[in-house]
Amino acid sequence: MNRTRLLTTMAVFVAIGTLGAQLLWFPAGVAKAYPVQHAVNVMVAVTLGPGPAVVIAFMIGLLRNMLGLGTLLAFPGGMIGAFLAGYLYKKTDKIAMAAVGEAVGTGIIGALFAVPFARVLLGSSAGALFFLPSFLVSSVTGALIGWFVVSKVKQARIMENHV
């Protein structure tokens, strides 16, 4: 894929992740679940790989924060999930493993990383169990959506010569 096509594809995914988060969300305990970010992570992990997935997750988190639509906790969870989704897909060539990587990376590792992150940057003293339920609900839901979309796109052979 040439550089212009890659950057354009990345920009489209950033737009979907940023705007989609405001269109599809639901309450998840003390927080809100934004599954579109996680679906985008799985789709990008499969189509572009772990590097672009991390960059896109960072850009979505940055834009959402700049627009007042997110919190700083979007960074650790989104980026860790995106990396693990891309890494596991690259190693196994299985979409399901990208979804597992997103769910584990964001839902568990990201939630655990959020504890010191929230303490240092947000002044919160919340423990790991505070973040785990909402991170898991959001990431599992989004990972399943991403898995479904990528599976259908691959099944229709839309991506074969275009990405």
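The set of residues in region 25-77 being of a type in the set (S, T, N, Q), in contact (Cβ under 8 Å) with a residue 24 or more places away in the chain and assigned to a helix (DSSP H, G or I) consists of Q37, N41, T47. Among the residues here, F117 qualifies as over 26 Å from T47 (Cβ atoms) and either outside any helix (DSSP H, G or I) or in contact (Cβ under 8 Å) with a residue 12 or more places away in the chain (or both). P35 falls short on exactly one of the conditions (1) modelled with pLDDT under 95; (2) closer than 15 Å to M79 by Cβ; (3) in contact with a Leu (Cβ under 8 Å, 6 or more places away or on another chain), and that condition is (2). Would region 96-106 turn up any residue that is at pLDDT 95 or above, of a type in the set (D, E, K, R) and closer than 20 Å to G20 by Cβ? Yes, there is a match, as at least one residue in region 96-106 is at pLDDT 95 or above, of a type in the set (D, E, K, R) and closer than 20 Å to G20 by Cβ.
Matching residues to (1) crowded, with 23+ Cβ neighbours inside 10 Å; (2) of a type in the set (S, T, N, Q); (3) on the phi > 0 side of the Ramachandran plot:
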residue	(1), (2), (3)
G107	yes, no, no
A114	yes, no, no
G123	no, no, yes
V137	no, no, no
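When residues in region 1-24 are screened for being surrounded by 15 or more Cβ atoms within 10 Å (Cβ to Cβ) and touching a residue at least 40 places away in the same chain (Cβ under 8 Å), 7 of them pass.
The values are calculated or read from the model by the stated rules, or taken from the named source; none is laboratory data. As the structure is a prediction and not an experimental result, all values here were calculated from the model. Here the Cβ is made from the backbone with ideal geometry for all residues, glycine too, and neighbour counts use every protein chain on show.
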